[in-house]
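Participant: I'd like to ask some things about the structure below.
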Amino acid sequence: MVRISVTLVGILLLACSYTAMARGVHHCVYKDPKQPIEKRIDDLLNQMALAEKIGQMTQIERVNATPEVMKKFGIGSVLSGGGSWPKVNATASDWINMVNTMQKGALSTRLEIPMLYGIDAVHGHNNVYKATIFPHNIGLGATRDPQLVKRIGKATALEVRATGIPYTFAPCIAVCRDPRWGRCYESYSEDPKIVKQMTEFIDGLQGPNPPDAKMGYPHIGGKTKVAGCAKYFVGDGGTTKGINENNTIIDWEGLLKIHMPGYPLAIKKGIATIMVSYSSWNGVKMHANYELLTKYLKEKLQFKGFLISDWEGIDRITYPPRANYTYSVQASIHASVDMIMVPYMYTEFINTLTNLVNKKVIPMSRIDDAVRRILRVKFELGLFEQPLADHSLALELGKQKHRDLAREAVRKSLVLLKNGDNGKDPLLPLPKKVEKILVAGTHADNLGYQCGGWTITWYGASGNNYTTGTTILKAIQSAVDPSTQVIYKEKPEKDFIRSENFSYAIVVVGELPYAETKGDSLNLTISSPGLEIIKDVCDNV
């Protein structure tokens, strides 16, 4: 038996060496899962040409990622932007097949380095049809329940993996200090202590970091977990007048006290990646901020994962965007951004960065640092051992257990502002058995409005056909006594309200769905005709 084992090992080593020689690769240490990750990284880095390294630093949008492009440019990462799917109402299998097709293109390169697919799963796997939609972070923060948020992270990871994707751009640990900001709902709270507590989401998403883990190194606990992304570093929730991508004016002590607390804890938990903010701190664009990205985040906080730009984030270092693209590439890479979310003009980025390195404007040491960090996350994810997704977790998508969890999160996120005219005569809970109930309002029977932005599409949508779920109207109809008549009018006329003698009325109104800058608002009012509906119903029931 000993002779047979030795012979088999010899054959395997010879096969590995032959394959490596045929591709111009010297040896296969980096493909050996028994070797320490850092040793595997050293071996692979030593064999990579400049073009292969820069390919790893490039993230492109799904629509560009043909197998031919993946192979030709050695692309390191692909993403789905908001509303970017394989097809309308794509199934888990559709997503898996798409990701695997791109992955096969990446694996056909000389060194067979797998690509990393990322997506915005920011309140559940929200880009995907029939996935479980959880409340946005502002609602989860209102629960004051970190363990609930941890369970949501775990469920989200399973649903993301169900579609063959190993990486999500979550959680957002911004501290929203101005509700006029269009991304305020992405923030758990205006209180940094609450935001810090909600980093428990990372433990659910990536798995808890072992007690003996090395400080700052990414940790992903197996094939049911995904790489996370703490965002947006840093100060994005404190911009002047709440204007998205604007300037946060605050001193160093204030930045540390208000906007920074979530990041050291996220790093301690083993967060794999951190996304850089579009915003500026005291006039310096974060994508070009060497002191914060390199000296503080990487050196002082010892972060060993990789830094990723936001969508076309480096373009916006200048104003107008792309006014000097060469400078934007130089400044962002020098500052320590490791992976650039291009997402479309990838050949220009690759050529620009290549020229900057060849001219010694950007040192090879900075390129190697970026690629080392990217490879570290890929090795930690096990992508070199299992680059192709299988269908074994497909049934996790929209699982009833996860929907029950979402229902629990909705219940706990509700904030009761007032219950009746005085504490002695509460209005709630409403009786289930009455003669007639009026349900009114723009958001009562509109699943798209109910879910908000970042749901199936980037800005969200209107209607009940984009995904599955339960509208508030349907929930009321199922909750009341069978003898109770529920009448729905989105915008009922005053005469109708008076004439029907309703026992009580429920009005559901709110903001229209939005995302990012589109949501910036200097006058915080309920979208029309919400206030009018409230007044008409209250005056006439």
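The values are calculated or read from the model by the stated rules, or taken from the named source; none is laboratory data. Worth saying up front: this structure is predicted, and the values here are computed from it rather than measured. Here Cβ is always computed from backbone atoms with ideal geometry, including for glycine, and neighbour counts include all displayed protein chains. When the accessible area is computed, the model is the full protein with side chains, heavy atoms only, and any ligands, DNA or RNA have been set aside. Shrake-Rupley method; radii C 1.70, N 1.55, O 1.52, S 1.80 Å.
Participant: From the alpha carbon gyration tensor of the range 336-384, can you work out the equivalent ellipsoid semi-axes (sqrt of 5 times each eigenvalue) and give them in Å, largest to smallest?
Facilitator: Largest first, the range 336-384 gives 22, 15, 8 Å.
Participant: Mind listing P(r) for the range 136-247? All alpha-carbon pairs, 10 Å bins, whole percents.
Facilitator: 15, 42, 31, 11, 0
Participant: Still on this structure, please answer the following. Nearest 5 is fine: what % of DSSP beta bridges in the chain come out antiparallel, could you say? Display every interim value, and only then the final one.
Facilitator: Details: 4 of 36 bridges.
Here the antiparallel bridges make up roughly 10 percent for the chain.
Participant: Let me ask something else about it. May I ask for the Rg/Rh ratio of the range 244-308, computed from Cα atoms with Rh as the Kirkwood radius, given to two decimals? Don't skip to the end; give the middle numbers.
Facilitator: On the way: Rg = 11.6 Å, Rh = 12.3 Å.
Using only Cα positions, Rg/Rh for the range 244-308 is 0.94.
Participant: If we sort 462-472, 139-149 on the protection proxy, mean other Cβ atoms within 10 Å, highest first, what's the order? Kindly include the intermediate steps, with their values, before the conclusion.
Facilitator: Working: 462-472: 15.8, 139-149: 19.8.
Top of the packing list down: 139-149, 462-472.
Participant: Out of residues 5 or more away from Val507 or on other chains, whose amide H comes under 5 Å of its own, with H placed 1.01 Å from N in the peptide plane?
Facilitator: Hits under the 5 Å cutoff: Ala440.
Participant: Okay, moving on. Round to a whole angstrom and tell me the spacing of the C-alpha centers of the range 81-95 and the range 315-375.
Facilitator: What the calculation gives is 30 Å, centre to centre.
Participant: Using Cα atoms only, what is the angle between the long axis of helix 346-358 and the major principal axis of the chain, expressed in degrees (0 to 90) to the nearest 10?
Facilitator: Orientation of helix 346-358: about 40 degrees from the principal axis.
Participant: Moving on to the next point. Answer with one residue from Gly254, Gly235, Ala266: the one whose Cα lies farthest towards the positive end of the charge dipole of the range 227-268, charges on Cβ with Lys, Arg +1 and Asp, Glu -1.
Facilitator: Going by the charge dipole, the pick is Ala266.
Participant: Can you give me the P(r) profile for the range 25-119? Cα pairs, bins 5 angstrom wide beginning at 0, each as a whole percent.
Facilitator: Whole-percent P(r) values from 0 Å outward: 2, 14, 22, 21, 16, 12, 7, 4, 1, 0.
Participant: Next question. Would you mind working out the accessible area per residue for the range 385-466, using a 1.4 Å probe, and quoting it in Å²? Show your work: numbers first, answer last.
Facilitator: Working: 5030 Å² over 82 residues.
Here the residues of the range 385-466 average 61 Å² of exposed surface.
Participant: Using θ = phi - 60° and the Karplus curve 6.51 cos²θ - 1.76 cosθ + 1.60, what whole-Hz ³J(HN,Hα) does each residue of the range 465-482 get, with Gly and Pro shown as x?
Facilitator: 10, 7, 7, 9, x, 10, 6, 5, 4, 4, 5, 5, 4, 7, 8, 7, 5, x
Participant: Return the sequence-ordered ³J(HN,Hα) values of the range 182-198 in whole Hz as given by the Karplus equation 6.51 cos²θ - 1.76 cosθ + 1.60 applied to θ = phi - 60°, using x for Gly and Pro.
Facilitator: The phi angles translate into x, 10, 4, 5, 7, 8, 5, 5, 7, 9, x, 5, 5, 4, 4, 4, 6 Hz.
Participant: Evaluate 2.2 N^0.38 Å with N set to the residue count of the range 204-290, then give the Cα radius of gyration divided by it. List each step's numbers first, then the result.
Facilitator: Working: Rg = 14.8 Å, N = 87, 2.2 N^0.38 = 12.0 Å.
Taking N as the residue count of the range 204-290, the ratio is 1.23.
Participant: Would you please put 312-322, 404-414 in order of how densely packed they are, using the mean number of other Cβ atoms within 10 angstrom per residue and starting with the highest? Walk me through the intermediate numbers first.
Facilitator: Values: 312-322: 18.0, 404-414: 15.9.
The most tightly packed comes first, giving 312-322, 404-414.
Participant: To the nearest 10 degrees, how steeply does helix 92-107 sit against the main Cα axis of the chain, on a 0 to 90 scale?
Facilitator: 20
Participant: In whole Å, what are the extents of the range 274-423 along the principal axes defined by its C-alpha atoms, from largest to smallest?
Facilitator: Taking max minus min along each principal axis of the Cα atoms, the range 274-423 gives 70, 48, 33 Å.
Participant: Given the convex hull over the Cα atoms of the range 199-241, what projected area results after averaging over all orientations, in nm²? Working shown, then result.
Facilitator: On the way: hull surface 16.0 nm².
Taking the Cα atoms of the range 199-241, their convex hull projects to 4.0 nm² on average.
Participant: Same structure again: Compute the helix-to-body angle for 364-381: its Cα long axis versus the longest principal axis of the chain, expressed 0 to 90° and rounded to tens.
Facilitator: 60
Participant: Round to a whole number: what % of the accessible area of the chain belongs to carbon and sulfur, probe 1.4 Å? Write down the numbers at each step before the final one.
Facilitator: On the way: 13310 of 24020 Å².
Exposed carbon and sulfur together represent 55 percent of the surface.
Participant: Between Lys72 and Tyr327, with labels modelled 7 Å along Cα→Cβ, what's the label distance in nm to one decimal, could you check?
Facilitator: For Lys72 paired with Tyr327, the spin-label model returns 3.1 nm.
Participant: Let me ask you something else. By per-residue mean of other Cβ atoms within 10 Å, what is the highest-first order of 174-181, 323-330, 72-79, 226-233? Mind dumping the intermediate values first?
Facilitator: Details: 174-181: 21.2, 323-330: 17.1, 72-79: 24.4, 226-233: 27.1.
Answer by packing, highest mean first, reads 226-233, 72-79, 174-181, 323-330.
Participant: If you line up the Cα atoms of the range 60-108 on their principal axes, what length do they span on each, largest first, in Å?
Facilitator: Taking the Cα atoms of the range 60-108, the three principal extents are 31, 19, 13 Å.
Participant: Let me ask something additional. Based on C-alpha coordinates, I'd like the Rg and Dmax of the range 371-499, in Å.
Facilitator: That works out to 22.1, 72 Å for Rg and Dmax.
Participant: For Cys538 and Arg411, what is the calculated FRET efficiency with R₀ set at 30 Å and r taken between the beta-carbons, to the nearest 0.05?
Facilitator: Working: r = 25 Å, r/R0 = 0.84.
That gives a FRET efficiency of 0.75.
Participant: Same structure again: With all protein chains present, calculate the accessible area of Lys494 using a 1.4 Å probe and round the result to the nearest 10 Å².
Facilitator: 100
Participant: Enter the per residue convex hull volume of the range 485-541, computed from alpha-carbon coordinates, in Å³ rounded to the nearest integer. Write out the running numbers ahead of the final one.
Facilitator: On the way: hull volume 4.8 nm³, N = 57.
Dividing the Cα hull volume of the range 485-541 by its residues yields 84 Å³.
Participant: Compute the Kirkwood hydrodynamic radius of the chain, taking the inverse of the mean of 1/r over all pairs of distinct Cα atoms, and give it in Å to one decimal. Please report the intermediate quantities before stating the final value.
Facilitator: Working: mean 1/r = 0.0402 Å⁻¹.
It is 24.9 Å.
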